[in-house]
Amino acid sequence: MAIGTTGIQWLDLLESEFDKSFVDLDMLIGEVDEDQIEIIYAARQKLTALSTAFAQLSHKSQVVFENSMKLEDRQLFAAKNRDERTFVLDASRYF
């Protein structure tokens, strides 16, 4: 399997794990007593920052993996064309 494709699959898995952990942590924060509202607010601010950073990292990684897939496709296409030309050139020797 190509590196770009594997990277996209890996990224999908990580996003799923992050989402589950984020929801679990948010629910856990919701269980903190209401009299500690400052802690809840600060924790949710940190969750927002963490989520934003992860979203940006995921987006950048996806772009890198997609570009890798495009380059891999170009390499395969070039190799296929090179092999076909070699075959045609070799066959022309016999005719």
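FYI, it's all coordinate maths here, none of it is from the lab. Remember, predicted model here, so these are calculated numbers, not experimental data. In this analysis, Cβ positions are derived from the backbone assuming ideal geometry, glycine residues included, and neighbour counts consider all displayed protein chains.
Overview of results
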quantity: Members of segment 30-55 that are under 16 Å from residue 17 (Cα atoms) and of a type outside the set (Gly, Ala, Ser); calculated: 47, 50, 52, 54
quantity: Residue match in segment 4-23 (condition: more than 21 Å from residue 62 (Cα to Cα) and under 26 Å from the mean Cα position of the chain (by Cα)); calculated: yes
quantity: Residue in segment 18-26 that is free of Cβ contacts under 8 Å to residues at least 12 places away in the same chain and not in a helix (DSSP H, G or I) present; calculated: no
quantity: Residues (over 22 Å from residue 69 (Cα atoms) and either in contact with a His (Cβ under 6 Å, 6 or more places away or on another chain) or among the β-branched types (Val, Ile, Thr) (or both)) located in segment 1-57; calculated: 23, 29, 32, 37, 39, 40, 48, 52
